[in-house]
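Here the structure is laid out as structure tokens; the discussion comes afterwards.
Bear in mind these aren't lab numbers, they're just calculated from the coordinates by the rules spelled out. As the structure is a prediction and not an experimental result, all values here were calculated from the model. Virtual Cβ from ideal backbone geometry, glycine too; neighbours counted across all protein chains shown.
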Amino acid sequence: MIKKILSIVLLAGLFLYSPACTNYLVTKGASKDGSVMVSYAADSHLLFGELYHWQAQKWPKGSMLDIYEWDTGKYLGQIGQASETYTVNGNVNEYQVAIGETTYGGRHELVDTTAIMDYGSLIYVTLQRAKSAREAIKIMTDLVAQYGYYSSGESFSIADPEEVWILEMISKGPCNKGAVWVARRIPDGYVSGHANQARITNFPLKGKNTISSKDMSKIFDKNIENVYATDVITFARSKGWYNGKDEDFSFSDTYAPVDFGGARFCEIRVWSMFNDVAEGMDQYWEYAKGNIQHADQLANGHSNTDKYATNRMPLWIKPKDKISVLDMFFFMRNHLEGTELDMSKDLGAGPFGNPYRWRPLTWKVDGEAYCNERATATQQTGFSFVAQLRSWLPYPIGAINWFAVDDASSCVYMPIYASISKAPHSLEVGNGDMMTWSNDAAFWAFNQVSNYAYTRYNAIHPEIEAKQANYEKQYVETVQSIDEKAQTLLKESPEKAIAFLTDYSTKTADQLTNEWNQFYQYLFMKYMDGNVKTKVAIPKGYKYHAPDMEQPGYGQEYLEKIAKETGDKLKMPASAAH
């Protein structure tokens with residue numbers, strides 16, 4: 001038997017990956033153009049932003065695949081390789097399947113360090129094997145049943161051009177191989193989201209739209225909208241975590257009860273998107289701030305040591321208006337603007353309204369605990385994307401991975417067609433890493449700009465925002481003609497269409513990276529030393545002329561704060577004041 005060993009290690013010396021990500025999910029009926037969209041921000045202080053690429057391939061019988069933990073690079077074991085794998089670019093494959101995730105952790109005693117499949121490997125192995133969201137759910141749950149689930153609790157967004165699902169999963173611990181899980185399809189016309197807090201509470205256990213894992217072969221029936229592990233309730237009973245009626249069982253309240261941090265640092269990001277698209281979200285504001293109302297669940301069979309929130313947000317909502325891909329970019333850039341927690345307004349924002357706070361997230365003064373806000377847009381994003389899955393376009397044209405690196409508020413989402421045969425050089429694995437500089441790596445180009453903006457945010461970021469909007473509007477308009485040209489080439493052969501899309505995607509990303517490096521140079525010259533300089537034409541008769549210069553200083557409001565805090569220390573005598 002031929003045995004070929006393959007590695008899913010993404011990069012020698014992988015990164016530590018903190019559980020802090022955000023996903024927004026939009027169904028066909030909720031989008032302006034009828035596409036399915038899923039967004040994902042991969043947030044970690046040690047995650048280098050790059051585009052993972054796997055090329056479609058056929059494998060000899062008996063091939064094996066080495067699995068390395070995505071977070072750390074630790075070798076976990078081997079699994080059998082599929083006979084055929086598909087092209088994957090980032091978190092989207094050539095057949096328009098997209099998968100995102102957020103880690104919620106849950107009951108810590110359920111982590112299984114003896115298992116093989118971690119959440120990252122589960123995503124990228126599945127993307128290489130699945131042609132639909134339903135097939136992806138089956139593959140993922142089959143893999144953890146066979147090889148065990150190594151990671152803590154995880155919420156997955158799983159989408160194709162027709163539908164979007166949320167799958168929430170947690171291991172059964174080192175003595176019980178596999179995982180317990182629930183998957184729910186988002187109703188068409190609705191949107192959903194998750195951000196490091198388990199969100200599936202109650203779910204149907206019976207009916208024509210529901211199956212358990214013992215009937216998993218029926219998942220391809222389009223009437224099925226709810227799927228769950230057969231032992232998801234009985235396992236909880238065996239641990240003493242639930243003893244109520246089956247129909248009252250809540251996945252989140254049992255395996256990952258919401259607490260202050262689950263609301264204030266996590267659910268508030270879902271709230272911010274829901275609040276942008278629907279009326280009535282004010283009723284959940286106190287919950288999102290962490291002022292969660294609890295009730296003793298003894299009546300429904302929970303232990304009296306576990307409380308659950310009674311004022312939780314719904315799993316999905318219906319938006320008042322249809323959502324565009326540009327709207328999705330906007331949602332990813334939220335800093336709680338317009339709320340009492342607007343990060344640009346309090347003392348921590350400094351004199352220039354910076355809506356970011358350096359870690360740690362929580363801190364103490366005089367024994368009292370305090371927190372910084374954790375908004376959707378954050379400085380530590382490695383990469384983010386909006387997967388746009390378009391049912392009216394054929395393979396290999398339909399799926400676009402709108403991909404970006406670094407802080408979503410300062411990035412540019414660039415169109416990467418999911419079928420391309422190679423990653424752009426500016427985004428390819430190996431072109432730099434977290435401690436290796438590369439002048440033509442997109443990650444470093446965008447970090448230079450964003451980190452410079454953090455020093456003078458209210459002056460520099462508006463320039464980033466304007467340039468960002470210009471690029472993204474242009475890209476959204478351009479892909480329409482790219483789609484048309486690719487469809488013409490597709491009539492000749494898929495290979496010609498893929499070559500054309502590869503050329504467009506790679507050149508677009510590499511050109512943007514080069515221009516963003518130039519943008520940094522412009523910003524640095526203009527704003528260095530606290531000044532604002534503007535280039536002027538050289539007057540007639542002059543050999544050269546200095547630029548115009550302004551010195552805006554700190555702003556009157558901040559000066560008043562300084563004067564109040566310092567008392568007479570900086571005060572000048574009246575005779576010296578001008």
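Taking the 0 to 90 degree range and rounding to the nearest ten, how far is the long axis of helix 556-566 tilted relative to the main principal axis of the chain, both from C-alpha atoms?
Around 90 degrees separate the two axes.
Which whole-number percentage describes the relative contact order of the chain, with Cα contacts under 8 Å and a sequence gap of 6 or more? Walk me through the numbers before you get to the answer.
On the way: 1245 pairs, mean separation 81.0, N = 578.
Reported as a whole number, the value is 14 percent.
Residue separation times 0.36 nm, minus the C-alpha to C-alpha distance between residue 176 and residue 511: what's the value?
Working: separation 335, 0.36 × 335 = 120.60 nm, distance 5.07 nm.
Length gained, residue 176 through residue 511: 115.5 nm.
Give me the base-10 log of I(q)/I(0) for the range 277-429 at each q in 0.14 Å⁻¹, Debye formula, one uniform scatterer per Cα, rounded to two decimals.
The Cα Debye sum returns log10 ratios of -0.98.
Which lysines have a Cα less than 26 Å from the Cα of residue 467, not counting those fewer than 8 places away in the same chain?
Cross-link targets: 32, 322, 345, 507, 526, 533, 535.
If I fit a long axis through the Cα atoms of helix 133-147 and take the longest principal axis of the Cα atoms of the chain, what angle between them do I get, 0 to 90°, rounded to 10?
70
How big is D, in µm² s⁻¹, for the chain by Stokes-Einstein at 37 °C and 0.692 mPa s if Rh is the Kirkwood radius over C-alpha pairs? Write out the running numbers ahead of the final one.
Values: Rh = 25.3 Å.
Taking Rh from Cα pairs, D becomes 130 µm²/s.
Would you mind checking the tilt of helix 494-527 against the longest principal axis of the Cα atoms of the chain, expressed as 0 to 90 degrees and rounded to 10?
Approximately 30 degrees, to the nearest 10.
Using a Förster distance of 56 Å, how high is the FRET efficiency between residue 208 and residue 525, based on the Cβ-Cβ distance and rounded to 0.05? Please report the intermediate quantities before stating the final value.
Values: r = 66 Å, r/R0 = 1.18.
With R0 = 56 Å, the Cβ-Cβ based efficiency is 0.25.
What nm distance separates the two modelled labels at residue 561 and residue 321, each placed 7 Å from Cα along Cα→Cβ?
According to this spin-label approximation, the distance is 3.3 nm.
Which whole-angstrom value gives the distance between the alpha carbon centres of the range 85-104 and the range 480-545?
27
Restricting everything to alpha-carbon atoms, can you work out Rg to Rh for the range 407-530 with a Kirkwood hydrodynamic radius? Spell out each step's value before the answer.
Values: Rg = 16.6 Å, Rh = 15.8 Å.
Taking Rh as the inverse mean 1/r over Cα pairs, Rg/Rh reads 1.05.
To make sure I understand, if each residue's beta carbon is the centre and we count other beta carbons within 10 Å, what order do 21, 371, 411 fall in, fewest to most? Walk me through the numbers on the way to the answer.
On the way: 21 25, 371 15, 411 28.
By the 10 Å Cβ count, ascending, the order reads 371, 21, 411.
Kindly put 336, 315, 347 in sequence by how many other C-beta atoms sit within 10 Å of each C-beta, fewest to most. Let's see the in-between values first.
Numbers: 336 23, 315 20, 347 7.
Lowest to highest Cβ neighbour count: 347, 315, 336.
Kindly put 333, 134, 269 in sequence by how many other C-beta atoms sit within 10 Å of each C-beta, fewest to most.
On the way: 333 18, 134 23, 269 31.
Going from least to most buried by this count: 333, 134, 269.
In whole Å, how far is the Cα centre of the range 150-229 from that of the range 348-376?
35
Multiply the residue gap between residue 484 and residue 469 by 0.36 nm, knock off their C-alpha separation, and tell me the result in nm, one decimal place. All intermediate terms of the calculation are to be shown ahead of the outcome.
Values: separation 15, 0.36 × 15 = 5.40 nm, distance 2.38 nm.
This chain segment gains 3.0 nm when fully extended.
Ignoring the sites themselves, what is the longest stretch of the chain with no chymotrypsin sites (Phe, Trp or Tyr not before Pro) in a DSSP loop and at most 12 other beta-carbon atoms within 10 Å?
1-357
Test of understanding: given the chain, find the longest segment containing no GluC sites (Glu not before Pro) that are in a DSSP loop and have at most 13 other Cβ atoms within 10 Å.
On the way: sites that count: 279, 340, 492.
With GluC sites (Glu not before Pro) excluded where exposed in loops, the chain gives 1-278 as its longest stretch.
If I model a spin label as a point 7 Å beyond the Cα along the Cα-Cβ vector, how far apart are those points for residue 551 and residue 538 in nm?
Inter-label distance under the simple model: 2.7 nm.
So between residue 496 and residue 293, what do we pick up on full extension, going 0.36 nm a residue minus the alpha carbon distance?
So the chain would gain 67.2 nm between residue 496 and residue 293.
Over the range 381-448, what relative contact order in percent results from Cα pairs under 8 Å that are six or more residues apart? Let's see the in-between values first.
Numbers: 100 pairs, mean separation 17.9, N = 68.
Once divided by the residue count of the range 381-448, the mean separation gives 26 percent.
Of all trypsin sites (Lys or Arg not before Pro) in the range 365-451, which ones are in loop regions per DSSP and have a Cβ with at most 15 other Cβ atoms within 10 Å?
On the way: sites: 374, 390, 422; in loops: 374, 390, 422.
Those that pass, being in a loop and sparsely packed, are 422.
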